[in-house]
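What follows is one structure encoded as structure tokens, with my remarks underneath.
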Amino acid sequence: MNETVVTFFSGSHPYQVVTELLTRYLGFNATGLLTVVTFFVACFVIVNVMALVGGLGTYAERKISADMQMRQGPNRVGPFGILQFLADGVKMIMKEDIVPKDSDKMIFFIAPILCMAGVFATLAVLPFSSGFTLTHLNIGVFYLLGVSSVVGVGIFLGGYSSNSKWSMIGGMRGASQIISYEVPVTLSIIAMVLLGGGLNFKDIVGAQGGLPHQWFIFHNPFTVISFIVFFIGALAETNRAPFDLPEAESELVSGYHTEFTGMRFAFFALAEYVEVFVLCGVAVALYLGGYQVPFELSDTFLLHNKIGLPLGPARILGQLLEVGGFVSKTCALYYVVIWIRWTLPRLRVDQLMTLCWKYLTPIALINLVGVAFWVYYFDGESMWNLIFKSGAAAAGGH
Amino acid sequence: MFDNFLFISSAALTVCGALAVVLSPNLMHACTYLLTSLIGVSGLYVTLSADFLAATQLVVYVGGVVILMLFAIMLTGGNDNKSVNKFGIEKIAPMGNIKTFTLAGLSALLMALVISKIIVNVTKAVPKGELPPFSSTVEKIGELLITDHVLAFEISSVLLLGALIGAALIARPRKIES
């Protein structure tokens, strides 16, 4: 079966004690019950933390853009204005919920939920660490692609149901953009799956190391290009500038969520910010070493035997180090995404499609073949290994 | 117990979604209900531990086919129930034609045969089987696709290439002759 967060916790002593106690008092085998409870708690924590990350994303966006434009940004609510997103959230809840008279009510109600559901379902496989991931599904990457395609439907339906020209154009652009850019993104991911030897995030991350030369991005020349293609595609899939045509504010008012107010709008915004985080996380897991910590500092054996921590805290500390590694890399990428948004101008629609079909897709295809060739010919060794080996051979082979 | 829960919920999702598709008068709504039905089918695949198939169902149908259908409905105008015949009954294109009735009767007969064939198996007392222990199907599918079923694989790829070239041909900008 797949490794899950429950597998991690059930390996610990307190968990087994609790299971035994519950079994004794309830009179039946409590393993299943405890599994469900653990999953529920883990899901609850992750969904709430990610909602918080989405909120902080809006704050980061405003603060970084302000920094780039030599402004102050939000600075009134809380220290450095960090509570601004909470104030915004309260404002969103208090706002009047306006539904346009001629809108398609049912779809208008469903569309933001579809967006949210699609994004939050991807969190099930996002590898925060080797133990704290909800599940290391054996088709992890593929599942993530499948579930996140629901977002496209949500955006399209949001645009359609508003019964407004701007929303309509935005929704159509969104759907066509997401479908188109899924092709180069998927091809880049397949190249990494080839290197990692599995669709499971655990396999892919496990094939990398903690230090940059062990990451897949620097594995061989093809993977560098693959990363760039993936990153551009991910920007387009999350409708971020310079690909924010579905919500181009200077031409389409606000695109597919023009007519949405209050919490419905907040759902769309939250879905977008969380999706950016998720795709940055996927980029980190596939290319930047994922949750690997340099020098294997997170190894339980090292923490337990060499440093002398008790077993329980050693495992938890190792996992926390891994989460720290993953989240810091993801946040760095998140910064780059925001940086790009406030640097580059928006593309035209025809340029967008040209970039996808005439440049990114062929490049991704050639890349896939190149990576396959590399794996076959060099036995999957990274170029640093090859360089080092040839250097060592030139020095006499010692 | 969890397997049963998963099966019942996804089966209910599939059946209710399909019923809603049939009973909904609005094409756009029908397409949205189809989404739930397709997600339910993917859940059914999960209960059969066909993990790869389930994810493929999501990628292909939810991400691709449904959006395509939504586009098609939207661009063709979809839901204008203006056409009413002289009795005030909504006119439906293939209604009231000997040919279509014959076709419908024949296909209904065929469907009935297929369904009764399925139901006969259900009513027979088959000993309750056990699913084999879970193992990943991705490798097996990959192997079979390029060994036993390589012909089907290649034919479908040629078909898709044809569709791609056709789409490019239709969408390519034409030179305006002046």
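The values are calculated or read from the model by the stated rules, or taken from the named source; none is laboratory data. Just so we're clear, the structure is a prediction, and the values are computed from it rather than from any experiment. Ideal geometry is used to build each Cβ from the backbone, glycine not excepted, and the neighbour counts take in all protein chains shown. These accessible areas exclude ligands, DNA and RNA; they are computed on the full protein's heavy atoms, side chains included. Shrake-Rupley method; radii C 1.70, N 1.55, O 1.52, S 1.80 Å.
I'd like to know if the stretch A:297-312 contains one or more residues that are surrounded by fewer than 24 Cβ atoms within 10 Å (Cβ to Cβ), under 22 Å from the mean Cα position of the chain (by Cα) and not polar (S, T, N, Q). No, the conditions are met nowhere in the stretch A:297-312. Number of residues in the stretch B:1-33 that are within 11 Å of chain A (Cβ to nearest Cβ) and hydroxyl-bearing (Ser, Thr, Tyr): the value is 3.
When A:VAL282 is tested against (1) in a helix (DSSP H, G or I); (2) open to solvent by 10 Å² or more (accessible area, probe 1.4 Å); (3) under 15 Å from A:PRO127 (Cα atoms), only condition (2) is not met. Filtering A:GLY312, A:GLY396, A:GLY391, A:GLY370 for residues that are modelled with pLDDT of 85 or more and more than 21 Å from A:VAL193 (Cα to Cα) leaves a single hit, A:GLY391. The residue that is nearest to A:PHE326 (Cα to Cα), counting only those in the stretch A:210-226 that are open to solvent by 30 Å² or more (accessible area, probe 1.4 Å) and assigned to a helix (DSSP H, G or I), is A:PRO212. Residues in the stretch B:34-71 that are of a type in the set (Ser, Thr, Tyr) and more than 12 Å from the chain's Cα centre (by Cα) were compared, and the one that is nearest to the other protein chains (Cβ to nearest Cβ) is B:THR56. Filtered by the rule that a residue be over 17 Å from A:LEU114 (Cα atoms) and either touching a residue at least 40 places away in the same chain (Cβ under 8 Å) or not assigned by TED's automatic domain parsing to the domain that holds B:PRO25 (or both), the stretch B:55-74 gives B:ILE73, B:MET74. Among the residues of the stretch A:6-18, just one is surrounded by 11 or more Cβ atoms within 10 Å (Cβ to Cβ) and at pLDDT 80 or above, namely A:VAL18. Of everything in the stretch A:19-60 that is open to solvent by 50 Å² or more (accessible area, probe 1.4 Å), touching a residue at least 12 places away in the same chain (Cβ under 8 Å) and aliphatic (A, V, I, L, M), the residue that is farthest from the other protein chains (Cβ to nearest Cβ) is A:LEU56.
Residues of the stretch B:2-24 being aromatic (Phe, Trp, Tyr) and either under 17 Å from A:MET106 (Cα atoms) or in contact with a Leu (Cβ under 9 Å, 6 or more places away or on another chain) (or both), which ones? Hit for the stretch B:2-24 is B:PHE7, nothing else. Whenever a residue of the stretch B:22-40 is open to solvent by 20 Å² or more (accessible area, probe 1.4 Å), its partners that are of a type in the set (Gly, Ala, Ser), lying with C-beta atoms within less than 7 angstrom and at least six residues away or across chains, give the pairs B:SER24/B:ALA30; B:LEU27/B:GLY78; B:TYR33/B:GLY17; B:TYR33/B:ALA20; B:TYR33/B:SER24; B:LEU34/B:GLY17; B:THR36/B:GLY17. Quick one: count up the residues across the stretch A:303-359 that are among the acidic types (Asp, Glu) and within 18 Å of A:GLY131 (Cα to Cα). Qualifying residue count for the region: 1. Filtered by the rule that a residue be β-branched (Val, Ile, Thr) and part of a helix (DSSP H, G or I), the stretch A:94-121 gives A:ILE107, A:ILE110, A:ILE113, A:VAL119.
Condition first: under 26 Å from A:ARG264 (Cβ atoms), away from every other protein chain (no Cβ under 11 Å) and surrounded by fewer than 24 Cβ atoms within 10 Å (Cβ to Cβ). Now tell me which residues in the stretch A:164-209 satisfy that. Give the steps one after another, and end with the answer.
Here is the first cut: in the stretch A:164-209, the ones under 26 Å from A:ARG264 (Cβ atoms) are A:164-179, A:181-182.
Add one more test, that the residue is away from every other protein chain (no Cβ under 11 Å), and what stays is A:164-167, A:169-170, A:173, A:177, A:181.
Result: A:SER164, A:LYS165, A:TRP166, A:ILE169, A:GLN177.
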